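Here the structure is laid out as structure tokens; the discussion comes afterwards.
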Amino acid sequence: EKQGFKHFMLKEIYEQPGVVRTCLEKYVDSTWQPGQATSPIRLNLAPELTANLENIQIMACGTSWHASLVGKHLLEQLAGIPTVVQYASEFRYAPSPMTANTLTIGVTQSGETADTLAALETEQQRRSQQPAHLQARLLGITNRPESSLARLVPAIIDTHAGIEIGVAATKTFMAQLMAFYFLAIEVAYQRKTVAPQRLGEIIDGLQQLPAQLEQVLESQERYVETLAHDFVETQDFIYIGRGINFPIALEGALKLKEISYIHAEGYPAGEMKHGPIALLDAKVPVVAIAMPGTVFEKVLSNAQEARARDARLIGVTPMNEQEAKETFDTLLPVPAVDEIISPLLTVVPLQLLSYHIAALRGLDVDQPRNLAKSVTVE
Ligand code: M6R
């Protein structure tokens, strides 16, 4: 069943190009041209769900919460809708005041996470007695169309990643990201917040992903495996990123702690000097996600501050960037893509790094201690 892979997690990391291909086939009109009078995206959502939207709130836990942060960036920057991402476990006992014309999205790959379901139920109940503009509009993003989530909400986006066995979410995270790209493009198309030409560019960028993911996996697997030897004894890691890649810093850190039991934290790179930089010395490697675009120079200068504390610097960055090459001690190269697409690529070397460190430490990668694949209790 592992098809020659040592662990399910590694197999699932390798399934990601195929997952992205499936998502594109299911949800994108491949013949779409800018200027066409129909949407490039086929999510089949009822028009009432997204009509006159003023706010979006997203409920999730863990890795799904990280995917939701990327979703927030896309929904705000492309569709122009103020979006908040809630920890479902917090929201259920302290729900924020109700806002008008609000889409509530529950994100859970298993569709069974108790806190996420409870947060959505809270929302549905408290809004049911309210006037029309405050009524709940619920949407689920899940990998299990037969799950409790799918029964609770009237509409879902099925992420089509196939069953994931490794406790550490990898391919389902990738598929959740794809769902958010599609939703944000769809709403941006409806609201005309992005020029059709630009939407076309983003869609082209998504279409190129499967081949780029294959290239990252092919070119880096051996290299990351060798690199992992350097960190078998490491006790702390810091991950930094900004903008759309800040959530990838959080996700890289979560993957590492879950399966390798190494302490790791993700921060927005600009926050380092407000405290966490005090942790740095030669024993604490810093992984920076530095992709060309709005915050590239900023991340590089944040990384240089870490270098001044003797930290070993690892950069997830394109190969052709001279300044990045000079900044980092070690590169985890990814293709130079449009910044807005970049999280779909930058997460992959971080998944591989976590996997190989944990595997080298001889740990049970697919079933880490104290964790369950779906958390059906509070
Ligand atoms: O099934 P869900 O997406 O609701 O699960 C949420 C979290 O429990 C999950 O993402 C957890 O953080 C993973 N083990 C991450 O790898």
Q.
I'd like the residue in the stretch 21-32 that is surrounded by 15 or more Cβ atoms within 10 Å (Cβ to Cβ) and not in a helix (DSSP H, G or I) and, out of all such residues, is nearest to the ligand (Cβ to nearest atom).
A. 28
Q) With 35, 18 as the choices, which residue is surrounded by fewer than 21 Cβ atoms within 10 Å (Cβ to Cβ) and within 25 Å of the chain's Cα centre (by Cα)? A) 18
**Q.** Neighbours by Cβ (under 6 Å, 6+ apart or cross-chain): first from the stretch 357-378, within 21 Å of residue 90 (Cβ to Cβ) and within 12 Å of the ligand (Cβ to nearest atom); second among the charged types (D, E, K, R) and modelled with pLDDT of 95 or more
**A.** 374/112; 376/112
Q: For the stretch 255-272, enumerate the residues that are of a type outside the set (A, V, I, L, M, F, W, C) and within 27 Å of residue 295 (Cα to Cα).
A: 255, 257, 263, 265, 266, 267, 268, 270, 271
(Q) For the stretch 193-227: of the residues being out of contact with any strand residue (DSSP E or B) (no Cβ under 9 Å at 6 or more places or on another chain) and of a type in the set (Ser, Thr, Tyr), which is farthest from residue 9 (Cα to Cα)? (A) 193
Q | The lone exception for residue 179 - which of (1) more than 17 Å from the chain's Cα centre (by Cα); (2) within 15 Å of the ligand (Cβ to nearest atom); (3) of a type outside the set (S, T, N, Q) it fails | A | (1)
Q) Of the residues 185, 163, 156, which single one is within 23 Å of residue 22 (Cβ to Cβ) and either surrounded by fewer than 19 Cβ atoms within 10 Å (Cβ to Cβ) or in contact with a His (Cβ under 8 Å, 6 or more places away or on another chain) (or both)? A) 163
**Q.** Residue ranges of strands (runs of 3 or more DSSP E) in the stretch 226-336 with at least 2 members surrounded by fewer than 23 Cβ atoms within 10 Å (Cβ to Cβ)
**A.** 263-268, 330-333
**Q.** Condition broken by residue 5, with the remaining ones in (1) farther than 23 Å from residue 143 by Cβ; (2) without any contact (Cβ under 8 Å) to a residue 12 or more places away in the chain satisfied
**A.** (1)
**Q.** Odd one out for residue 192 among (1) without any contact (Cβ under 8 Å) to a residue 12 or more places away in the chain; (2) on the phi < 0 side of the Ramachandran plot
**A.** (2)
Q) How many residues does the stretch 152-195 hold that are part of a helix (DSSP H, G or I), touching a helix residue (DSSP H, G or I) at 6+ places or on another chain (Cβ under 8 Å) and not polar (S, T, N, Q)? A) 18
Q: Consider only pairs whose beta carbons are under 6 Å apart and that are at least six residues apart or on different chains; among these, list those whose first residue lies in the stretch 153-173 and is more than 20 Å from residue 214 (Cβ to Cβ) and free of Cβ contacts under 8 Å to residues at least 60 places away in the same chain and whose second residue is of a type in the set (A, V, I, L, M) and more than 10 Å from the ligand (Cβ to nearest atom).
A: 153/138; 156/150
Q: Pick out, from the stretch 45-139, the strands (runs of 3 or more DSSP E) lying fully within it that include 1 or more residues that are over 22 Å from residue 251 (Cα atoms) and within 16 Å of the ligand (Cβ to nearest atom).
A: 102-107
Q.
Can you pull out every residue in the stretch 317-338 that is in contact (Cβ under 8 Å) with a residue 40 or more places away in the chain and under 17 Å from residue 213 (Cβ atoms)?
A. 332, 333, 334, 335, 336, 337, 338
Q) Of 259, 240, 244, which residue is away from the ligand (no atom under 16 Å from the Cβ), among the β-branched types (Val, Ile, Thr), out of contact with any Lys or Arg (no Cβ under 8 Å at 6 or more places or on another chain) and under 20 Å from residue 357 (Cα atoms)? A) 240
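The values are calculated or read from the model by the stated rules, or taken from the named source; none is laboratory data. Everything numeric here is computed off the predicted structure, so don't read it as measured data. Cβ atoms come from the backbone with ideal geometry, glycine included; neighbour counts cover every protein chain shown.
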